[in-house]
Structure formats: C-alpha cells, structure tokens
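The structure is given below, and queries will be raised subsequently.
Derivation of every value follows stated rules applied to the coordinates shown; laboratory data play no part. Note that this is a predicted model, so its numbers are computed, not measured. Glycine gets a Cβ as well: all are built from the backbone with ideal geometry, and neighbour counts include every protein chain shown.
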Amino acid sequence: MSTFPLLAVDIGNTSTVLGLADETGTLTHTWRVRTNRESLPDDLALQLHGLFSVAGAQVPRSAILSSVAPPVGENYALALRRHYGVEAFSVSALSLPDVTVELDTPDAVGADRLCNLFGAEKYLDRQDYAVVVDFGTSTNFDVIGRGRRFLGGILATGAQVSADALFARAAKLPRITLEAPASAIGKNTVHALQSGLVYGYAEMVDGLLRRIRAELPAPAVAIATGGFARTIEGICREIDYYDETLTLRGLVEVWASR
C-alpha cells in the first residue's frame, strides 16, 4: 500500500507550516497557518480538511511531524489518527539514529533543527559545512557538517519578538510593518524604526555568520529559511541561498531515510 501523499507538519511557536509530498518527494502543496495552542484534535482535523478541500488535494496516507510546541504536536497526531487513520512519525534526536548530535545534551536539540539538517544536505555537494539560518520566533543558526552531523549553533531573538518588546516598553512608538526602508538613514520615526529593526537585524545575522565561519576549519554555505527570510532577502551579504521550504523538505527526507 502506498504511503503517499505524505503530510509533513512543522509546528513552530508562532506558525505551523504544512506540506503534501508525492512519491517522488516533491512538495505539491504547502500552507502556513498560525499555531494555536488552544486547538483540540477535532479543531485541527477540521483545519486539515479545509486545507485539503480548498486545494483539491488528496488526503494523506502517512504523516511526519516536527514540533517545538509538544501539546500542539500531540493534538495533530491525535487528529490524524482519529480522522484519517494515519499514525504520524514524530521527529526527535532519539528517533534519528543516523544523525550525530555533537551537543552537551544531544536530546535537547529541537526537532525543527534536525529537519533543517536533512533539508540542507543538497547544499553540501561542494562544501563540508553549512549554516542554516531559520527565521522564526527565535532565529536559529544551525551549524551542520557533512555526514549528518549537527555541530551546534546560535539562538537569537526573532525580529518580530524584538519589535514587540520595543513597542511594549516605548508606548509612544508606532507599530510598524517589518520591511526595509529606502535608506538606512530614516527621515521619520517609521523609517527610522524600520531601519533599526530590518537593517540592524540583517547586520546581526551577517556578523554572526562571519564569526561562525571563522571558527570552522573549512568554508561553509549559508542558507536562510523561515518567515522573516523573505524580508531580509538581498539585504544580508553573508547568506548564499534562500529556501522557503527547507524544513518541510527536510521532513520529507527524514521520512525517506527511515
């Protein structure tokens, strides 16, 4: 019996990204929805039904989950089991024996970061190291070595979290859209805030990538993914590729390697 379509679900703190893959491993449909910790399994089943119906997609015959919000991941698994008869595979350091996690506490690494390791493999054709910069609620820098080695990384505050903290502590500042202004020197409050939050964040990313590369014994390719990656595309000088579906593709690769 075919295990496709395969549903890949990456559950983050702010957004959940879902994708359906066919037997070739190609993502045929993708969706991004808000992560809601209050949603019960039946709520999530209705959400899935709506997504599949609107897209005219086949229902999944198998599923793989990555979650940094365990209750939400468990509820997705229950929804799939009850309403689709699918037993979802949950990604963790303990469920991936062919991955070497070179951390002090290997099982502490987030499932999404392990999926990024698999998604980044195609960029390791010519180099031994890669750095995935995943722009989510936090910004994760995942350092990966050839042979499915997770070497470590950096965790930084996400751009939207930084903006929200600023607005919460400075009541007179206007809430703004996080987008790059025409110039770094702002001529009004909105543009000045956008410059600091977007250009300043891009400089932080570039600086950390330079530090990471300086500590590695060979060159490393840098790949950006996650929601905010679209905003800083073309601004960061140290990022080589932008790959919006890297984590979902990583989930598909994890499934194929089982």
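Among the trypsin sites (Lys or Arg not before Pro) in region 5-40, which ones are in a DSSP loop with at most 15 other Cβ atoms within 10 Å of the Cβ? Mind listing them?
In loop regions of region 5-40 (DSSP not H, G, I, E or B), the sparsely surrounded trypsin sites (Lys or Arg not before Pro) are Arg37.
Considering only Ser95, Ser67, Ser53, give the residue with the highest GNM mean-square fluctuation for the chain, with springs between Cα atoms whenever their separation is below 10 Å.
It is Ser53.
In a shell of Cβ-Cβ distance under 10 Å around Ala63, excluding Ala63 itself, what net charge do Lys and Arg (+1) and Asp and Glu (-1) give?
+1
So for region 6-90, what are the equivalent ellipsoid semi-axes in whole Å, largest first, each being the square root of 5 times an eigenvalue of the Cα gyration tensor?
Value: 18, 13, 13 Å, ordered largest first.
With contacts defined as alpha carbon pairs under 8 Å and 6 or more residues apart, what's the relative contact order of the chain in percent?
The value is 18 percent.
Nearest 500 deg cm²/dmol is fine: what mean residue ellipticity at 222 nm does the chain get from its DSSP H runs of n ≥ 4 alone, each adding -39,500 (n - 2.57), divided by its residue count?
-10500 deg cm²/dmol
Right, here's the next one. Enter the angle in degrees (range 0 to 90, nearest 10) between the Cα long axis of helix 159-169 and the first principal axis of the Cα atoms of the chain, meaning the one along which they spread out most.
60 degrees
Using mean Cβ contacts within 10 Å as the protection proxy, how do 71-79, 222-230, 109-117, 169-177 order, highest first?
Listed from highest to lowest mean packing, they are 109-117, 222-230, 71-79, 169-177.
On C-alpha positions alone, give me the angle between the axis of helix 200-215 and the longest principal axis of the chain, in degrees, nearest 10.
Orientation of helix 200-215: about 70 degrees from the principal axis.
If you don't mind, another one. In whole angstrom, note down how far apart the Cα centers of region 19-38 and region 207-253 are.
Cα centroid of region 19-38 versus Cα centroid of region 207-253: 21 Å apart.
Going by amide H atoms built from the backbone, whose H comes under 5 Å of the H on Thr137, apart from near neighbours?
Amide H to amide H, under 5 Å and 5 or more residues apart or across chains, Thr137 pairs with Asn13, Thr14.
If you don't mind, another one. Rounded to the nearest 20 Debye, what is the dipole magnitude of region 6-90 about its Cα centre when Lys and Arg each give +1 and Asp and Glu each give -1 at the C-beta?
About 100 debye.
Moving to a separate point now. Between helix 41-55 and the chain, what is the angle of the helix's C-alpha long axis to the longest principal axis, kept within 0 to 90° and rounded to the nearest 10?
80 degrees
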